[in-house]
Amino acid sequence: MIRNPKIYIIILNYNAYEDTLECVKSIGNIDYDNYELVLVDNSSTDDSYVKLKESLPSYNIIKSKENLGYANGNNIGIKYALENGADYICILNNDVVVEKDFLNKLVDKIIEKEDVGIVGSCICDYYRREIIQGMGAHINLYFAAARRYFKGKNYNEIEKKDIFVDYLEGACFLVKSEVFEKIGLIPENYFLFFEETEFCTRAINAGYKIMCIYESKVYHKGSATINKFGSLSYAYLNRNRVIFVRRNSKWYQKIIFAIYIFIEAFGRIVIRKEPLTLFKYILGGFKSNKESIDVIDVKSYVK
């Protein structure tokens, strides 16, 4: 059992260097000392890379050749960490600020629980700091529907305990290096949405448990990068829900889902007044190659 293990913290930036700088500043105050910070600029179209290099000259900043999504960008950092002997790897969204003990709390728990492969922080709202965005979630593979634990609850009013979950939000989680070695990197076929869901599902199927740690707390602005993709976000949230089921559910779950998703879509269009293009995106999920990103399709949304 390694005490004071080497942690690599991976932060992905896309056109949001100010958020990234604030995140890095908060990490500079943490009380865990054996870590290395790796910043990956995901081929930003603004001057983020230059700004980060100027503002953080002593940090390791990697620039990707092309933006192939959340998973691909983070995997660049993860590969670097694994090649350099990381014991654990922490994935942290760039629009997050952390409490100074967030990493210590995660490390203590993942060392204590040998059967746990991934731990995550309690994600609270950046602007209303006692309101919880999520403490992981339960995923229903019949409907690809997630139920976030304690979403919208006051942090001080819930039971103060750690919980086992099906998956953790991508804003902040810590992974044993052996998990990547056993199940592979974060799947890159989604571009955005459902990558961390599938990664956690694969970890559970490989025999690992996943926990959200109450006392580890970070504050998340929420979808700061995703919002930059406009209509792609709505399209791929619905498309990738189908892709996730196709890749991870059993055959009988897939049949039930295929019936349910169109009934649900009709209700959303009638009741919520969502656009008719919802059907297009769902059908796209059934027709798309579930093993790779359609870069041409992505670029049709990102102008």
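So is GLY77 under 23 Å from GLU196 (Cα atoms) and touching a Lys or Arg at 6+ places or on another chain (Cβ under 7 Å) or not? In short, no. Of all residues assigned to segment 217-229, none qualifies as being surrounded by fewer than 22 Cβ atoms within 10 Å (Cβ to Cβ), in contact with a Lys or Arg (Cβ under 7 Å, 6 or more places away or on another chain) and charged (D, E, K, R). Scanning segment 231-263 for residues that are more than 24 Å from the chain's Cα centre (by Cα) and polar (S, T, N, Q) returns a single hit, GLN253. Residues in segment 138-167 that are within 22 Å of GLY207 (Cβ to Cβ) and either touching an Asp or Glu at 6+ places or on another chain (Cβ under 7 Å) or among the aromatic types (Phe, Trp, Tyr) (or both): 4 in all. Residues that are surrounded by fewer than 22 Cβ atoms within 10 Å (Cβ to Cβ) and touching a residue at least 40 places away in the same chain (Cβ under 8 Å) within segment 179-188 comprise VAL179, PHE180, GLU181, LEU185, GLU188, listed in sequence order.
Taking (1) small (Gly, Ala, Ser); (2) touching a Cys at 6+ places or on another chain (Cβ under 6 Å); (3) surrounded by fewer than 16 Cβ atoms within 10 Å (Cβ to Cβ) in turn, ALA145 satisfies each apart from (2).
Readers should treat all values here as calculations from the given coordinates under stated rules, not as data from a laboratory. Only a predicted model underlies this, so the values are computations on that prediction, with no experimental measurement involved. Because the Cβ atoms are built from the backbone with ideal geometry, glycine has one as well, and the counts that use them run over all protein chains shown.
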